[in-house]
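What follows is calculated from the coordinates using simple rules that are stated; it is not laboratory data. For clarity, every value in this text was computed on a predicted model and none was experimentally measured. Here the Cβ is made from the backbone with ideal geometry for all residues, glycine too, and neighbour counts use every protein chain on show.
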Amino acid sequence: MNKYFVPALVAAVLAGGAAAQVQQRGEQEARAVQAKQVAKAGRYRSVEASGQLKRGEQLPPRYRTHHYVVENWQAHRLSEPPRGHQWVQAGSDYALVAIATGVVTEVLVGQ
């Protein structure tokens, strides 16, 4: 019985180690592919770093969270946003942003 058990146990241990190496290699390749995609697409430009918002650019997702959305646009002396748009505050600037895409359609600097 030990004659069959020991070789089977050794084979199982070796196969488990090989599977772990394959999985680790797959994860490394996935990270490399993701890094290439980010480099190819270009990182989002930090609005805080440059201090400028431009029409036609897309805001980073973090600026599209509820925290930055201006709900009381009248109190900030802003016009009513058209359907499908919302005002977003980034520092002292306001941007009128398309909700679905995050593309800036209007910028009011230092209001």
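With +1 assigned to the C-beta of every Lys and Arg and -1 to the C-beta of every Asp and Glu, and no other charges, what is the dipole magnitude of the range 47-108 about the Cα centre in debye, to the nearest 20? Show your work: numbers first, answer last.
Details: 6 positive and 6 negative charges, 20 e Å.
Once rounded to the nearest 20, the dipole reads 100 debye.
So how far apart, in nm, are the two label points at VAL107 and ASP93 if each is 7 Å from Cα heading toward Cβ?
Once both label points are built, they end up 0.4 nm from each other.
What is the packing order of peptides 96-104, 70-78, 57-65, taking the mean over residues of other C-beta atoms within 10 Å and listing the highest first? Don't jump to the answer; show the numbers that get you there.
Details: 96-104: 16.9, 70-78: 11.8, 57-65: 15.1.
Per-residue Cβ counts within 10 Å, averaged per peptide and sorted highest first, yield 96-104, 57-65, 70-78.
With an 8 Å Cα cut-off and a minimum separation of 6 or more residues, compute the relative contact order for the range 47-108 in percent. All intermediate terms of the calculation are to be shown ahead of the outcome.
Details: 90 pairs, mean separation 23.3, N = 62.
For the range 47-108, the relative contact order is 38 percent.
For GLU29 paired with ARG55, estimate the spin-label separation in nm (one decimal), with each label point 7 Å from Cα along the Cα-to-Cβ line.
Label at GLU29, label at ARG55, 4.7 nm between them.
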